[in-house]
Amino acid sequence: MKKTIAAVVVALSVLTACGSSSKKAASSATTAPANTPKRIVSMSATATEMLFAIGAGKQVVAVDDQSNYPTTAPKTSLSAYQPNVEAIAGYKPDMVVISGDTKNLKESLEKLSIPVVDEEAAKTIDDSYTQLTDLGKRTGHEKAAANVVASMKSKITDLTKGLPKRAKPLTYYHELDNTLYSVTSKTFIGQMYSLAGLQNVADAADADGSKGGYPQLSAEYLVKADPDFVFLADTKCCQQSEATFGARPAFGALQAVKNHHVVQLDDDIASRWGPRIVDLLAKVIDAVKAQPAA
């Protein structure tokens with residue numbers, strides 16, 4: 001479990017970076033259903049959240065083992081990391097939604113004449129909006145999807161209003177797991193922090209982009225960077241907390257630890273690009289607003 005969040009996020013980012021541009025990353029379906037699908041299988045936790053958010057939940061007959069939200073989703077033992085084509089086909093889907101072509105799943109399903117929609121890992125917030133819109137069109141919930149997108153945009157606008165004006169931006173470190181994998185500002189997650197006016201200490205660790213925006217830092221690097229905030233997105237996978245983070249060698253000297261600016265996030269919300277990105281942004285902005293402007 002320790003490597004779950006970091007490994008999956010990094011893998012998705014690499015697949016997306018190697019396979020397409022940002023625009024293509026939003027949706028790269030090659031086989032569109034001729035009619036509105038009635039038996040959808042979601043092999044992506046984010047897609048599951050999107051489908052239910054736009055009102056297509058009743059059309060979803062099965063979701064993968066990582067799809068834990070909403071709780072009403074028909075969760076199965078279908079493996080998101082080791083997908084079994086025969087098991088998926090057993091649900092007789094007329095549309096399968098994936099996020100990245102794990103184990104050549106798309107081609108295998110299409111050989112069985114099963115339509116596949118590939119909603120790849122988002123690189124930007126706009127990718128999230130595009131995917132919601134695309135799924136709305138494909139499932140017959142175009143208007144509902146438009147409403148969800150409009151609501152997200154409105155909430156983000158409201159959240160980012162009135163942020164404290166600072167002569168120097170506050171810095172942060174976002175932790176994917178306790179081996180110090182992080183994100184840069186060029187990632188979807190990093191963009192959320194930029195909206196909150198924060199500066200990423202991990203950017204210099206992947207200045208050339210060779211890490212796909214997901215570098216692994218060292219303890220020495222982090223101590224030298226000494227961020228104002230630490231955001232832990234490994235509270236579930238790795239049971240991390242303010243106490244466990246501060247107990248690591250040398251980390252007790254970090255100003256984020258001394259000032260109690262270690263923020264514990266929900267791993268799922270912090271790694272998915274569906275409608276709950278608003279919840280992630282709200283959590284970050286709450287922490288920022290609690291810090292008086294210099």
If you go through 60, 9, the only one that is surrounded by 24 or more Cβ atoms within 10 Å (Cβ to Cβ), at pLDDT 50 or above, under 18 Å from residue 122 (Cα atoms) and of a type in the set (Val, Ile, Thr) is 9
So, first residue farther than 22 Å from residue 228 by Cβ in the range 262-273, second residue outside any loop (DSSP other than H, G, I, E, B) and among the aromatic types (Phe, Trp, Tyr), Cβ within less than 6 Å, six or more apart or across chains; the pairs are 273/188
Can you tell me which residues in the range 252-281 are assigned to a helix (DSSP H, G or I) and out of contact with any helix residue (DSSP H, G or I) (no Cβ under 6 Å at 6 or more places or on another chain)?
-> 253, 255, 256, 258, 268, 277
Exactly one of (1) on the phi < 0 side of the Ramachandran plot; (2) surrounded by fewer than 21 Cβ atoms within 10 Å (Cβ to Cβ); (3) assigned to a loop (DSSP other than H, G, I, E, B) is unmet by residue 239. Its number?
-> (1)
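Okay, residues lined up against (1) more than 26 Å from residue 279 (Cα to Cα); (2) not polar (S, T, N, Q):
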residue	(1), (2)
51	no, yes
65	no, yes
71	no, no
75	no, yes
80	no, yes
85	yes, yes
91	yes, yes
Would you check if there is a residue in the range 138-157 being among the polar types (S, T, N, Q), touching a Ser or Thr at 6+ places or on another chain (Cβ under 9 Å) and part of a helix (DSSP H, G or I)?
-> yes
Residue count, the range 178-193, condition of a type in the set (Phe, Trp, Tyr) and within 19 Å of residue 251 (Cβ to Cβ), comes to 1
Residue 123, sole failed condition from (1) under 13 Å from residue 51 (Cα atoms); (2) touching a Phe, Trp or Tyr at 6+ places or on another chain (Cβ under 7 Å) = (1)
(1) farther than 25 Å from residue 189 by Cβ; (2) surrounded by 18 or more Cβ atoms within 10 Å (Cβ to Cβ); (3) not hydroxyl-bearing (Ser, Thr, Tyr) all hold for residue 110 apart from (2)
Only listed residue being touching a helix residue (DSSP H, G or I) at 6+ places or on another chain (Cβ under 6 Å), surrounded by fewer than 20 Cβ atoms within 10 Å (Cβ to Cβ) and either of a type in the set (A, V, I, L, M, F, W, C) or touching a residue at least 40 places away in the same chain (Cβ under 8 Å) (or both), chosen from 96, 85 = 85
Does any residue of the range 138-150 turn out to be hydroxyl-bearing (Ser, Thr, Tyr), free of Cβ contacts under 8 Å to residues at least 24 places away in the same chain and farther than 15 Å from residue 280 by Cα?
-> no
Residue check, residue 165 outside any helix (DSSP H, G or I) and crowded, with 16+ Cβ neighbours inside 10 Å | no
Mind checking which residues of the range 189-236 are outside any loop (DSSP other than H, G, I, E, B) and among the polar types (S, T, N, Q)?
-> 191, 194, 199, 200, 216
Might you check whether a residue that is buried (at least 17 other Cβ atoms within 10 Å of the Cβ), under 18 Å from residue 273 (Cα atoms) and at pLDDT below 95 occurs anywhere in the range 188-211?
-> yes
Kindly indicate whether residue 69 is within 28 Å of residue 267 (Cα to Cα) and of a type in the set (Ser, Thr, Tyr).
-> yes
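The values are calculated or read from the model by the stated rules, or taken from the named source; none is laboratory data. Source: prediction; values computed, not measured. Every residue, glycine among them, receives a Cβ derived from its backbone with ideal geometry; neighbour counts consider all protein chains shown.
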